[in-house]
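A single structure is presented below for examination.
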Amino acid sequence: MFAVLNAYLYQHRSISIPGLGTIYLETLPAAIDVADRTMLPPVYHFRFDKYFDAPDKEFFAFVATHRDMLDYEAIKWYNEFSFDLRNRIKAEDGVDWEGVGVLKKDGSGNVFFEPVQSPLLYLQPTPAMRVNRQDAQHTLLVGDRERTSGEMNEWLHDDHGRRKLSWWVIALILAGIGLAVLGWYFYSHGLSTGNQNKF
C-alpha cells in the first residue's frame, strides 16, 4: 500500500493526504567541507504541512496506472485509505509510514509528523582533493585573437621587448634637469658675489 505512495512521493516530492495534510520531500544541496577535504552529499528530509490536503489529478492518474485500475477507482481507493489512516492515528499511538516517518496525535488531538532521520542513507561523502596543473594548456581570447595559456605566459614574462633603465641613466637625467634649473636661475637673476655689482 505504501510502496505506490512512496514512489509518487520520491518522484514528485510531495503527497497530499485528504483530511491530514501534505508530506514534502525537501533537499538541501551538496556542500564542501574544506577542513576534511570532502564533498558532503545532498541531504533529504521530510516536512509535514497540515494546511494543504488536496491531491491533484496527476496523483490519481499515477495511482491508477500503478495499481492497474480506473481513475475513479483510484480516487475511491485513496479516499478510503486516507479515512482509514485518520482513524488509525486517532485509535492507535501512531501510524508508521515505511521509509517516511510516523504520524501521531498529540494531547489536543492535532496530528503531527516525526520524519525518519534520512531516507537516503546510501549517499556517502566523497573525497575532494584540489588539483593544480602547472603545465596545462588552454586557449584564451585576447582581443580578437586566440592564444594558448603558454603563449600568454611567455609574453607576460618575456623581457626582450622592454629595455630596463639602469640607475645611472636616471641619475644623469636628474642631474641635467638640476643643472638646467640652476643655469636659468643665474641667467635671470644675474651672477653676483657679496657686495659687488652685477655683471
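What are the pairs with Cβ atoms under 6 angstrom where one residue, in region 1-15, is under 12 Å from Phe46 (Cα atoms) and the other, located anywhere, is surrounded by 13 or more Cβ atoms within 10 Å (Cβ to Cβ) and polar (S, T, N, Q)? Sequence gap at least six, or different chains.
Ser14/Thr22
Could I ask something else about it? Can you tell me which residues in region 44-60 are acidic (Asp, Glu) and open to solvent by 60 Å² or more (accessible area, probe 1.4 Å)?
Matches in region 44-60: Asp56, Glu58.
Just give me the residues in region 81-101 being in contact (Cβ under 8 Å) with a residue 24 or more places away in the chain and small (Gly, Ala, Ser), in sequence order.
The answer is Ser82, Gly99, Gly101.
Can you find, within region 102-131, the residue that is surrounded by the fewest Cβ atoms within 10 Å (Cβ to Cβ) among those that are touching a residue at least 60 places away in the same chain (Cβ under 8 Å) and not in a loop (DSSP other than H, G, I, E, B)?
Pro127
Out of everything in region 25-43 that is open to solvent by 90 Å² or more (accessible area, probe 1.4 Å) and either touching a Ser or Thr at 6+ places or on another chain (Cβ under 9 Å) or of a type in the set (Asp, Glu) (or both), what residue ends up being farthest from Phe113 (Cα to Cα)?
Of everything passing the filter in region 25-43, Asp36 is farthest from Phe113 (Cα to Cα).
Moving on to the next point. Determine, yes or no, whether Arg47 is of a type in the set (D, E, K, R), part of a loop (DSSP other than H, G, I, E, B) and within 38 Å of the chain's Cα centre (by Cα).
Working: of a type in the set (D, E, K, R): yes; part of a loop (DSSP other than H, G, I, E, B): no; within 38 Å of the chain's Cα centre (by Cα): yes.
The answer is no for Arg47.
Only one of these conditions is not met by Val95: (1) among the β-branched types (Val, Ile, Thr); (2) in a strand (DSSP E or B); (3) farther than 26 Å from Arg13 by Cβ. Which number is it?
In the conditions (1) among the β-branched types (Val, Ile, Thr); (2) in a strand (DSSP E or B); (3) farther than 26 Å from Arg13 by Cβ, Val95 misses (3) alone.
Residue check: is Val63 in a helix (DSSP H, G or I), at negative phi and surrounded by 14 or more Cβ atoms within 10 Å (Cβ to Cβ)? Even if it seems obvious, please write down each step before you answer.
Numbers: in a helix (DSSP H, G or I): yes; at negative phi: yes; surrounded by 14 or more Cβ atoms within 10 Å (Cβ to Cβ): yes.
Considered against the rule, which asks whether it is in a helix (DSSP H, G or I), at negative phi and surrounded by 14 or more Cβ atoms within 10 Å (Cβ to Cβ), Val63 comes out as yes.
Which one is surrounded by the fewest Cβ atoms within 10 Å (Cβ to Cβ), of the residues in region 78-101 that are over 40 Å from the mean Cα position of the chain (by Cα) and acidic (Asp, Glu)?
Ranking the candidates gives Asp93 first.
If you take the residues in region 132-158 that are of a type in the set (Gly, Ala, Ser) and part of a loop (DSSP other than H, G, I, E, B), which one is most open to solvent (accessible area, probe 1.4 Å)?
Gly143
The values are calculated or read from the model by the stated rules, or taken from the named source; none is laboratory data. Predicted model, so just to flag it, every value in this text is computed and none were measured. Positions of Cβ are backbone-derived with ideal geometry, glycine not excepted, and every protein chain shown enters the neighbour counts. Keep in mind that these areas ignore ligands, DNA and RNA; they rest on the heavy atoms of the full protein, side chains included. Shrake-Rupley method; radii C 1.70, N 1.55, O 1.52, S 1.80 Å.
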